[in-house]
Amino acid sequence: MWRDLKFALRMMGRERLLSAVVVVTAALGIGGSTAVFSVVSAVLIRDLPYSNAGQLYVMRALAPDGLPGNVTRREFAPIYERENHPTVETASIAWSQASQIVGSDRRPHPTVRYGVTDRFFDVFGVRMALGRGFQPGEQLGRIVISHQVWRDVFGSDADIIGKTVAAEGQSLQVVGVTPAGFAFPQDPGFWYLMRLGAGFDRVRAYRGFMRLRPGRTQEQIDGDLRRLAADLGADPVTNQTPVLVAQPMLEYVVGDLKVTVLILFGATGILLLIACINVTNLLLSRTAARSREVALREAIGAGRWRIVYQLLAESVVLVTIGGALGLIVSAAGSRILLALAPEGLPRLDSLPMDGTVLLFAAGLTLATGVLVGLAPAWRLSRNQLRSLMNEAGRGSSGGPASTRLFSALVVTEIALAVVLMIGAGLLIRSFVNLTTADPGFNPHGVLTFSMNVPGRVQMEVVQGAQGKPERRPSYAPMAAFFRNLEERIGTVSSVESLATTTSLPLVAGPGGIVVVFTLPGQSGTNGDAAWTSTIQAVSPEFFQTMKMHLVSGRDLSRSDRQGSSGAAVVSETFARQFFAGQSPLGQRIRWKDNRYVPTDTGFQFGHLTVDEVEVVGVVADAKLQSLAKPPEPTIYMSSEQFIFRRRAVVVRTSLDKPESLVPVIRRELDSIDPQLGAQFGVYDSLIRTSIARERLGMTLLVAFGFAAMLLAAVGVYGLMSYSVAQRTGEIAVRSAMGASATQVMRLVMGRGMGLAALGVVLGAIGAVALRQVVASELYGVSPLDLSVFLLVTTVLFGVAALACYLPARRAMKIDPVSLLRNE
């Protein structure tokens, strides 16, 4: 082995150019693959930072479209309230919302708050950096803060445990600080203890986290959940039996990113295979030059496998050097990937070169070295060495078998490039469709900020159902606060209009509110049929500020307030779905059980001041959740009839840079209440962030497709150059016998374009067979889009023609007289 390695190094010194090309090609292929694998490792392989993370599951309820969603307290209570569950060791329910906490500087800091039950930290096996987690039966008003909040907001105060801090307008006692890096379920923030009664059973906003007992499997917990759903029966609100499933924690955390990462990994694998084919062709091109050497080795006693070992050692040495350089390429590629990756993608905060990645790189290097050396070694070690030597002695460049193998590899290379380029073309079209899709509103020139306004609900005495006085919360002061806020900011220079809403379309935030309603006069089998719809509480200027077109009827107005009859504007999709064939104007919508949530929890979720509303207008559809999804049926109510303390403010301005208004608006907020916190954003940027995952996948796949096209062109050029060199004598004879330059050109070009055509056809067939791989990532384009297939094949034919033309021109210039005289 040592002698083989030393000889391989000497061969590198003799063939410096070929060796350099092989090393660089291997470095780029292995380095790129390792960089993408580091993403796969970080996202899909690396363990979650929790104790025995494989035992962690999330309980999900499947929506009618089959996608997993949140659960209600009613659905999860039999799991987290039961002691000694046969499958679940411990469980907790949680929900989250953007919030703020007052720090050591007495200023509010935006953060995220998580309402959890007392065993939340037991589920994740968290060992606190300071203090403790929650205990069974603990009093409310306790919180645990994240390590980041402790560091950034409270200056790493070592005496923070036991102190009282202000959050959500309440005084809360800190009992613990989580270790650095723990930020689950979403972002660093604080966790407060909550208890959920039956009044919360209709709120589908919770996530149920479970730790299974050792030895229990997903099949067992899925079986438990099926039995639980059957025992629960129909939901009292929707009259539908829930479909409950257990989702592994890693799958829950990664979400849609898993598909994107696997597609990219498959693409880089194809690119590496194309690079391997090019290297193999380079090594094949020198088989004729080595045929005398190999024949001599056999003549003095070398066996066939001894020759194979020697040739494989040479390829492995070349690729190993390329693999070592590939680690540098991988490190640079990882930095580029992190730079391209948008903020917020799960588990992509870092891409360490850990043992898993290094082991992958080493295995890939060894496999590549063997793979690229097999064809030349097999070719040279066949029992035709004397024939090879005789062919070489006659001045031939190799036998027809070598040419056939060379051609087959180039056809394969072109086919793989076609598959990759078609995938890239489909993603380009999809992304263009996504970015040019009409969201139903105009986000340009809009500044947004969200805020939570606690502590502005007053208790008042009202006459109860039996004539007895009762204390109930009054939301009038909160509504008055937002009216005052709109008036103050509306006077700021350059503000054209502004409005408030519970949810910003296409932006993850405080939205996602679903209401259950009935339509008087439309009955089901059990009386009034119940339906669900997204609902937004908006101020009357919302449609004007967002530039949403009013189709019919009237807009919401300031007269639609608490104490007046309920009014609502519905989207076109809502009108078509629920009032097909009739005018929606004047129709009435009644809330199921008269309230979105019970009165005693209204402070938490919002307060509906009316039992039913009249449809007074229809507005054009707006996409709320995603540009890639169709508009949802939506009800818009006045923010003074559906009062929420958590709202987003949209400010339309005439300024080219909406963010320049931030200091002015901050001063206005401080003058209203110095304890108010606000999180600002420019709407255009927020929407771009919402499609960042699609942009990342499209950008990288396009880069891979372009690289595959270049490598395929190099392969075609190498084949035709090899073919011209091999057939130099033949071409000279043809020219001497009267063949014109055009006929020589046609001879060379015809062979090359024939191989390109075969590769393109095979690649198109492969793309059709693999169409479902990218189908889930496409928007507004079919995975069999004819325009993409035609464009890719045309471009590749053009590139192949150029790659064939250069060797063909060289063949046209062969001087038959001088060549035949030399022969």
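The values are calculated or read from the model by the stated rules, or taken from the named source; none is laboratory data. Just so you know, these numbers come straight off a predicted model, no measurement behind them. Glycine gets a Cβ as well: all are built from the backbone with ideal geometry, and neighbour counts include every protein chain shown. When the accessible area is computed, the model is the full protein with side chains, heavy atoms only, and any ligands, DNA or RNA have been set aside. Shrake-Rupley method; radii C 1.70, N 1.55, O 1.52, S 1.80 Å.
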Complete set of residues in region 278-310 that are closer than 13 Å to TRP378 by Cα, open to solvent by 20 Å² or more (accessible area, probe 1.4 Å) and under 50 Å from the mean Cα position of the chain (by Cα)
TRP305, ARG306, TYR309
With the requirement that a residue be of a type in the set (A, V, I, L, M), open to solvent by 10 Å² or more (accessible area, probe 1.4 Å) and within 22 Å of TYR80 (Cα to Cα), what does region 143-192 give you?
ALA183
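Could you please find all residues in region 572-592 being outside any loop (DSSP other than H, G, I, E, B) and among the polar types (S, T, N, Q)? Reasoning before the result, please.
To start, the set of residues in region 572-592 that are outside any loop (DSSP other than H, G, I, E, B) comprises 572-578, 588-592.
Scanning region 572-592 gives THR573, GLN577.
Taking region 671-710 as the search range and keeping residues that are under 30 Å from VAL419 (Cβ atoms) and not hydrophobic (A, V, I, L, M, F, W, C), which one is surrounded by the most Cβ atoms within 10 Å (Cβ to Cβ)?
Filtering region 671-710 for residues under 30 Å from VAL419 (Cβ atoms) gives 688, 690-710.
With the extra rule that they be not hydrophobic (A, V, I, L, M, F, W, C), the set shrinks to 688, 690, 693-695, 697, 699, 705.
Numbers: ARG688: 14, SER690: 20, ARG693: 20, GLU694: 21, ARG695: 18, GLY697: 23, THR699: 15, GLY705: 25.
So the residue we want is GLY705.
Can LEU264 be described as open to solvent by less than 60 Å² (accessible area, probe 1.4 Å), in contact (Cβ under 8 Å) with a residue 12 or more places away in the chain and within 21 Å of LEU416 (Cβ to Cβ)?
On the way: open to solvent by less than 60 Å² (accessible area, probe 1.4 Å): yes; in contact (Cβ under 8 Å) with a residue 12 or more places away in the chain: yes; within 21 Å of LEU416 (Cβ to Cβ): yes.
Spelling it out, LEU264 is indeed open to solvent by less than 60 Å² (accessible area, probe 1.4 Å), in contact (Cβ under 8 Å) with a residue 12 or more places away in the chain and within 21 Å of LEU416 (Cβ to Cβ).
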GLN772 fails exactly one of (1) touching a helix residue (DSSP H, G or I) at 6+ places or on another chain (Cβ under 9 Å); (2) in a helix (DSSP H, G or I), namely (1)
Residues located in region 635-647, provided they are at pLDDT 85 or above and surrounded by fewer than 24 Cβ atoms within 10 Å (Cβ to Cβ):
ILE635, GLN641
Where residues in region 74-83 are at pLDDT 85 or above and not aromatic (Phe, Trp, Tyr), which of them is surrounded by the fewest Cβ atoms within 10 Å (Cβ to Cβ)?
PRO78
Of the residues in region 672-701 that are more than 15 Å from the chain's Cα centre (by Cα), in contact (Cβ under 8 Å) with a residue 12 or more places away in the chain and part of a helix (DSSP H, G or I), the one that is nearest to VAL43 (Cα to Cα) is LEU686
Check region 524-539 and report whether any residue there is at pLDDT 85 or above and part of a loop (DSSP other than H, G, I, E, B).
yes
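Hey, can you tell me all the residues within region 728-753 that are over 15 Å from TYR805 (Cβ atoms) and without any contact (Cβ under 8 Å) to a residue 12 or more places away in the chain?
Pass one, region 728-753, residues over 15 Å from TYR805 (Cβ atoms): 728-740, 743.
Answer for region 728-753, where residues must be over 15 Å from TYR805 (Cβ atoms) and without any contact (Cβ under 8 Å) to a residue 12 or more places away in the chain: GLU730, MET737, GLY738, ALA739, SER740, GLN743.
Got a number for residues in region 129-155 being part of a loop (DSSP other than H, G, I, E, B) and basic (Lys, Arg)?
Of the residues in region 129-155, the ones part of a loop (DSSP other than H, G, I, E, B) are 129, 132-141, 146, 153-155.
Filter again for basic (Lys, Arg), leaving 132.
Adding up the residues that qualify gives 1.
So, THR34, is that one in contact (Cβ under 8 Å) with a residue 40 or more places away in the chain, open to solvent by less than 10 Å² (accessible area, probe 1.4 Å) and assigned to a helix (DSSP H, G or I) or not?
Details: in contact (Cβ under 8 Å) with a residue 40 or more places away in the chain: yes; open to solvent by less than 10 Å² (accessible area, probe 1.4 Å): yes; assigned to a helix (DSSP H, G or I): yes.
Here the answer is yes, as THR34 does meet what is asked.
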Only listed residue being under 25 Å from LEU264 (Cα atoms), touching a residue at least 12 places away in the same chain (Cβ under 8 Å) and either touching a Phe, Trp or Tyr at 6+ places or on another chain (Cβ under 9 Å) or among the aliphatic types (A, V, I, L, M) (or both), chosen from ALA53, ALA42, ALA61:
ALA42
